[in-house]
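Enquirer: Dropping the structure in here first, questions after.
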Amino acid sequence: MKTIKKAEYEAIMQRIDELVEIVDDNTPQTDRNYIELDILTDLIIAYEKEHYPIGKTSLPDALKVRMDEMNLTQKTLAQLLEISAPRVSEYLTGKTEPTLRVARRIHKKLNIDANIILA
């Protein structure tokens, strides 16, 4: 597959914006606009994977996001997980990892993916 440069990326993104207005769920896969959109999308995905990789989410980051979403303080999170507030602080700074028992509570009570917790 061809690799693209920054200027090409910008032009392709503009063309994709145009095609998205034309192509919909009822457009046949044999339509030239559908095919063009499919090819250009593949080029953009490859470019973005190389130049804008998405890193793996860390437990401290996931905890901070969930605390914000649930309006939790470190103290209320500690109460929810049945641990001490200093222990929560250690998880948030990445100084320590949760025990399996606490990891299960984090998963169940905060709905954080186990792969993030146990990574």
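A short reminder: the numbers here are calculations on the coordinates, not readings from a lab. Since the model is a prediction, treat every value here as computed from it, not as a measurement. In this analysis, Cβ positions are derived from the backbone assuming ideal geometry, glycine residues included, and neighbour counts consider all displayed protein chains.
Enquirer: Once the Cβ-Cβ distance between ASN33 and LYS108 is put in as r, and R0 is 30 Å, what FRET efficiency do you end up with, to the nearest 0.05?
Expert: 0.05
Enquirer: Taking the radius of gyration and the Kirkwood hydrodynamic radius from Cα positions alone, what is the Rg/Rh ratio for the chain, to two decimal places?
Expert: Here the Rg-to-Rh quotient is 1.24.
Enquirer: First check a/c for the stretch 59-117, with a ≥ b ≥ c the square roots of the eigenvalues of its C-alpha gyration tensor; if it is under 1.5, answer rounded, and if not, answer prolate when a/b is larger than b/c or oblate otherwise.
Expert: Rounded.
Enquirer: Shifting gears a bit: Taking 0.36 nm per residue of separation and subtracting the Cα-Cα distance, what length does fully extending ARG15 through ILE44 add?
Expert: Additional length available on full extension: 9.3 nm.
Enquirer: Quick one: compute the contact order of the chain, relative version, from alpha carbon pairs under 8 angstrom and 6+ residues apart, as a percent.
Expert: On the way: 73 pairs, mean separation 24.9, N = 119.
Relative CO of the chain lands at 21 percent.
Enquirer: Starting from the stretch 25-119, pick out the GluC sites (Glu not before Pro) whose DSSP state is loop and whose Cβ has at most 10 other Cβ atoms within 10 Å.
Expert: Of the GluC sites (Glu not before Pro), the ones in loops of the stretch 25-119 whose Cβ has at most 10 other Cβ atoms within 10 Å are GLU82.
Enquirer: Lysine pairs, Cα distance under 22 Å, 8 or more residues apart or cross-chain: how many in the chain?
Expert: 15
Enquirer: Restrict the search to the stretch 1-70; then list the trypsin sites (Lys or Arg not before Pro) that DSSP places in a loop and that have at most 16 other Cβ atoms within 10 Å of their Cβ.
Expert: Those satisfying the criteria are LYS2, LYS5, LYS56.
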